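Let me begin by presenting the structure, written as structure tokens, before commenting on it.
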């Protein structure tokens, strides 16, 4: 096989792979659009909600990190989501529980 024929075959393989990647890209973009639409119609909780609630529990005093270990807010959020009861849902009371359970510095 000549060098030219080898290059043509490699080019054909590369073009085939490029087409496969383009199709995969289009499929993934479609999935992202679906997920973004779903996210717009969902309720989400975040570390900022833990920060807000800790501040509110301390009468909106910015020193809430003296009472709560702010580095544990993300861990508490993930635990709250993992262990929540779908029959009850997640409320501010749920966040209060996890703040005290996992983040309060004077907790036993």
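The values are calculated or read from the model by the stated rules, or taken from the named source; none is laboratory data. Values in this document were obtained by computation on a predicted structure and should not be read as measured data. FYI the Cβ positions are ideal-geometry reconstructions off the backbone, even for glycines, and counts take in every protein chain you see.
For this structure, a couple of remarks:
- Unique match (being assigned to a helix (DSSP H, G or I), under 20 Å from residue 106 (Cα atoms) and at pLDDT below 90) among 66, 75: 66
- Subset of region 66-82 that is under 16 Å from the mean Cα position of the chain (by Cα) and without any contact (Cβ under 8 Å) to a residue 12 or more places away in the chain - its residue that is farthest from residue 56 (Cα to Cα): 82
Conditions (1) over 18 Å from residue 106 (Cβ atoms); (2) modelled with pLDDT of 90 or more; (3) not in a helix (DSSP H, G or I), marked per residue:
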site	(1), (2), (3)
22	yes, yes, no
38	yes, no, no
51	yes, yes, no
59	no, no, yes
71	no, yes, no
79	yes, yes, no
89	yes, yes, yes
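- Pairs with Cβ under 7 Å, 6+ apart, first in region 83-108 and under 13 Å from residue 68 (Cα atoms), second part of a loop (DSSP other than H, G, I, E, B): 100/107; 103/69; 105/69
- Matching option when the condition is over 30 Å from residue 78 (Cβ atoms) and either in contact with a helix residue (DSSP H, G or I) (Cβ under 7 Å, 6 or more places away or on another chain) or surrounded by 10 or more Cβ atoms within 10 Å (Cβ to Cβ) (or both), among 15, 1: 15
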